[in-house]
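The values are calculated or read from the model by the stated rules, or taken from the named source; none is laboratory data. It should be emphasised that the depicted structure is a prediction, and the values quoted were computed from it without experimental measurement. When we count neighbours, we look across all protein chains shown, and the Cβ atoms used for this are built from the backbone with ideal geometry, even at glycine. Ligands, DNA and RNA are excluded from the accessible area calculation, which covers all protein heavy atoms including side chains. Shrake-Rupley method; radii C 1.70, N 1.55, O 1.52, S 1.80 Å.
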Amino acid sequence: MISMLYPKMTRTRKVIDLGGMWKVYFGFENQGEDFSKGIPGKDYIPVPSSFADLYTEKKYREFCGDIWYETEFVIPEEWKGQRLEIRFAGAAHRATVYFNGRQVTEHEGGFTPFGADVSETAIYGEKNLLVVKVNTELRATSLPNGETKQLKNGTLMAIPYFDFYNYTGIQRSVKLVVTPFTRIADYDLTYEITGNDAAVNYRVLVQNLKENQEVELEIRDEEDKKAASVKGESGRAEIANVRLWQVRDAYLYRFIWRVWEDGKLVDEYEEPIGVRTVEISGTDILVNGKPVYLKGFGRHEDSPVNGKTFAPCYLKRDFELMKWMGANSFRTSHYPYAEETYQEADREGFLVIDEVPAVGFVKRSGMAMFQNAGSGVKPTSFFAADTTQELLENHVNVLKELVQRDKNHACVIAWSLFNEPESISEEASAYFKVVFDKAREFDPQKRPRTFAMELSSGPDAKCCHQYCDFWTMNRYYGWYVKGGYEISDAMIAFRKEMDEWASQDPVKPMVFTEYGADTLSSEHKLPSVMWSQEYQLEYLELYHELFDSYPFVKGEQVWNFADFQTVEGIGRVNGNKKGIFTRDRQPKDSAYLIKKRWEELPLDYKGGE
Ligand code: CKU
């Protein structure tokens, strides 16, 4: 079993970053050939990176198929007898790993970690060869969803059924993790808060635990004072006078796990943990029993040249900008983000709707993708294909990995299980039921579940939104639906839809997870036209007015935080321009409008209504 715990150096563990310049081979002519014992050529690329925007030729940017990576390193003799794991934080969309010429693991899905135990294949005291084959194709069974087509000249081309660039490669860190064979591999936490105190119910998984070994959990506060200490593989730790993790006021305890044998430390692992509860009650989202109103963004991992490479400077900048705006939340649209993002959200007290990469679950690409977002045209069943069963297996698997990876983060308050899927057929309903049930089963904290609904998943489409614990809405009235001078009609249609949601039984909390208008930072026009900064302002003001007039609306996450790359085409001017910030993270005029609003809205806005 591979542990999803974030690699940490402790008294018993070593972590070596294997990142740097690795040899790479694109194999334009040699697709399907086996290079597991060493790759040809002399090209080097940074690991981690998205390769697409590094080169000057299109054949690299648009490359689709197998890419081979290679690096080598010495493993010291004295590490013999310890467990060696090569750990990938994410390689899109699937990878096969070879160590010293032998296949050690393979993994489907680009946005969750995986690893290989190489203790046996390692050559101690000598150089070891690590080769990774990454396949970048989009498939009917892949998350995210799409297809791969072959051009007449034989070249493969990725056709995403989603609106972001298909950046791929080894985009996140690769680490060598050295631990004892008896190791802390996983743990679950749930909380009960009574008055000033909290009880932490825990369960820890230690691999190869021997009878004469004992497990300990020690909890220390931010002043490094001991808050609790308990023994056993499962149990209950009591924290008196607990300081809870609050929205934009985070407090993190250190949870230190130890395995002891005859007074000797065998393994040790620790993480900062926020103690808090999350639940839905009526039309309220409650954190620590108090209503919260979500203010924030749908985001992307996307930046110039980096593509989807984990980029720490953008991570920092993005959080600084979100705080400047008065935001308190975001959705990891449309895939699990790098682990460091959740760590930062834990520290900054942000609320995260954590999304599975189930995007593109409607067969369409290019302009059709956007036109449908507004037309209300009912999509035909996406879930009645021969490939549906395999897709579901991949979906459940990535969900399992995601929950296992993120379940102990205080910031994660909900799971988004799909983005804008077809959700009106009976086949969809059967598929959704499995995914929603699995989310409940996997998550010890039983967080609320939802899926981001586009227009065809309206209040009348009863078959799938019944599964949601709260509703999340992606709406584009006044953009894809009746934009420009017709926006007054669009808002009438919007209110009609909202009135229908208001008459559902039961009414659930509703969070807008997308609304926005493409806006070129270069365009000003008075009176406004679509794509101008003035239009974005008018559009947002109308939405704010609407949000304010429905008591069950409990959050607004504008689309998008920043402009981002998409495929080329007539609907996109070198990318989606719905950002409140430009792609290089400078504000558009709308940033000031939203900032003013969010700074004034109280955290418990419309609570109890
Ligand atoms: C956004 C089909 C509508 C897609 N929806 C999801 C998001 O990924 C897109 O970028 C709307 C848009 O701007 O069209």
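Some observations on this one:
- The range 291-321 versus the range 579-600: alpha-carbon centroid distance in Å: 14 Å
- Global dimensions of the range 183-273 from alpha-carbon coordinates: Rg and Dmax equal 13.6, 44 Å.
- Sites E77 and D188 - FRET efficiency at Förster radius 41 Å, r taken between beta-carbons, to 0.05: 0.65
- Each label point was placed 7 Å from the Cα along the Cα-to-Cβ direction; for R203 and E270 their separation is 2.6 nm.
- Rg and Dmax of the range 278-600, based on Cα coordinates, read 18.5, 54 Å.
- Percentage relative contact order, the range 183-273, counting C-alpha pairs under 8 Å, at least six apart: 29 percent
- For the chain, the relative contact order works out to 13 percent when only alpha carbon pairs closer than 8 Å and six or more residues apart are counted.
- In the distance distribution for the chain, Cα-Cα pairs more than 45 Å apart total 17 percent.
- Loop sites by DSSP among the chymotrypsin sites (Phe, Trp or Tyr not before Pro) of the chain, restricted to those with at most 15 other Cβ atoms within 10 angstrom, leave 182-609 as the longest stretch without any of them.
- Overall Cα dimensions of the range 14-179 - principal axes, largest extent first, Å: 54, 30, 24
- Cα Rg over Rh - the range 503-585, Kirkwood: 1.06
- Cβ-derived FRET efficiency at R0 60 Å, E609 paired with D43, nearest 0.05: 0.50
- Maximal additional length on extending the N196-V434 stretch stands at 81.8 nm, based on 0.36 nm per residue less the C-alpha distance.
- The range 68-163: GluC sites (Glu not before Pro) in DSSP coil with no more than 16 other Cβ atoms inside 10 Å: E120
- log₁₀ of I(q)/I(0) at q = 0.15, 0.17, 0.32 Å⁻¹ - the range 94-134, Debye sum with one point per alpha carbon: -0.36, -0.45, -1.15
- Residue-normalised accessible area of the range 547-609, given per residue in Å² at a 1.4 Å probe: 39 Å²
- Approximate spin-label separation E33-E261, in nm, with each point projected 7 Å along Cα-to-Cβ: 4.8 nm
- Prolate is the label for the range 407-470, because a/c, from the alpha-carbon gyration tensor with a ≥ b ≥ c as root eigenvalues, is 1.5 or above and a/b exceeds b/c.
- Across the range 114-189, Cα pairs under 8 Å and at least six residues apart give a relative contact order of 18 percent.
- Separation of the alpha carbons by more than 27 angstrom is noted, of K175/K433; K58/K152; K264/K407; K482/K577; K525/K577, for K175/K433; K264/K407.
- ³J(HN,Hα) computed for each position of the range 154-166 - Karplus, 6.51 cos²θ - 1.76 cosθ + 1.60, integer Hz, glycine/proline x: x, 5, 8, 9, 7, 10, x, 8, 9, 9, 8, 5, 7
- Taking a quarter of the surface of the Cα convex hull of the range 1-68 gives a mean projected area of 7.0 nm².
- Nearest-0.05 FRET efficiency for R11 and E500, computed from C-beta distance (R0 51 Å): 0.30
- Each 10 Å bin from 0 upward holds the following percent of the Cα-Cα pairs of the range 120-254: 9, 22, 18, 21, 22, 7, 2.
- Projected label distance in nm at D489 and E600, using a 7 Å step from Cα toward the beta-carbon: 3.2 nm
- Model label zone, Q213; criterion: amide N under 19 Å from point 7 Å along Cα-to-beta-carbon; scope the range 1-42: 1-15
- Here the range 278-600 has 53 percent of its accessible surface on carbon and sulfur atoms, given a 1.4 Å probe and all protein chains in place.
- Of the trypsin sites (Lys or Arg not before Pro) in the range 470-509, not one is in a loop by DSSP (not H, G, I, E or B) with at most 16 other beta carbons within 10 Å.
- A simple count of charges around K59, restricted to other residues whose Cβ falls under 14 Å of its Cβ and scoring Lys, Arg +1 and Asp, Glu -1, yields -3.
- The length gained by stretching the chain between E120 and F181 to full extension, at 0.36 nm per residue less their Cα-Cα distance, is 20.7 nm.
- Gain in span if fully extended, L526 to E441, counting 0.36 nm per residue against the direct Cα distance: 25.2 nm
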